[in-house]
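Q: What follows is a single structure, and I will ask about it in a moment.
The values are calculated or read from the model by the stated rules, or taken from the named source; none is laboratory data. No experiment lies behind these values; they were computed from the predicted model shown. Glycine also receives a Cβ, built like all others from the backbone with ideal geometry; neighbour counts cover every protein chain displayed. Each accessible area value is taken on the protein alone, full model and side chains, heavy atoms only, with ligands, DNA and RNA left out. Shrake-Rupley method; radii C 1.70, N 1.55, O 1.52, S 1.80 Å.
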Amino acid sequence: MLVYCIHVQVKAECREAFIAATTENASNALKEAGCLRFDLVQQADAPDRFMLYEAYRADADVDQHKQTAHY
């Protein structure tokens, strides 16, 4: 199993677009057989900071995810 914790800071004016795009990506990724988990976490005291928590069964599943239209 592979787990990724990706930390992102976005510009305040881009926050809603980032949330929408990442939520769509997560929703579609969770339909992939090799994606075990995909969470978007927003920092409570700094709303422009996020963490993406992604878990995949194997390297090949990550590679497959990166080839999808929603990636």
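Q: What is the packing order of peptides 23-32, 6-15, taking the mean over residues of other C-beta atoms within 10 Å and listing the highest first?
A: Put in order of decreasing packing, that is 23-32, 6-15.
Q: Just the accessible area per residue of the chain, please: how many Å² with a 1.4 Å probe?
A: That works out to 67 Å² for each residue.
Q: Another question, then. Note down the accessible area of His70, probe 1.4 Å, to the nearest 10 Å².
A: My reading of the accessible area for His70 is about 50 Å².
Q: Measure off, as a whole percent, the carbon and sulfur share of the 1.4 Å-probe accessible area of the chain, all protein chains present.
A: Its accessible area is 51 percent carbon and sulfur atoms.
Q: Provide the gained length on full extension for the span Asp45 to Asp63, in nm with one decimal, where the gain is 0.36 nm per separating residue minus the Cα-Cα distance.
A: Stretched fully, the Asp45-Asp63 segment lengthens by 3.1 nm.
Q: If you don't mind, there's one more thing I want to ask. Given charges of +1 on the Cβ of Lys and Arg and -1 on the Cβ of Asp and Glu, with all other atoms neutral, how large is the dipole of the chain about its Cα centre, in debye to the nearest 20?
A: My answer is approximately 40 debye.
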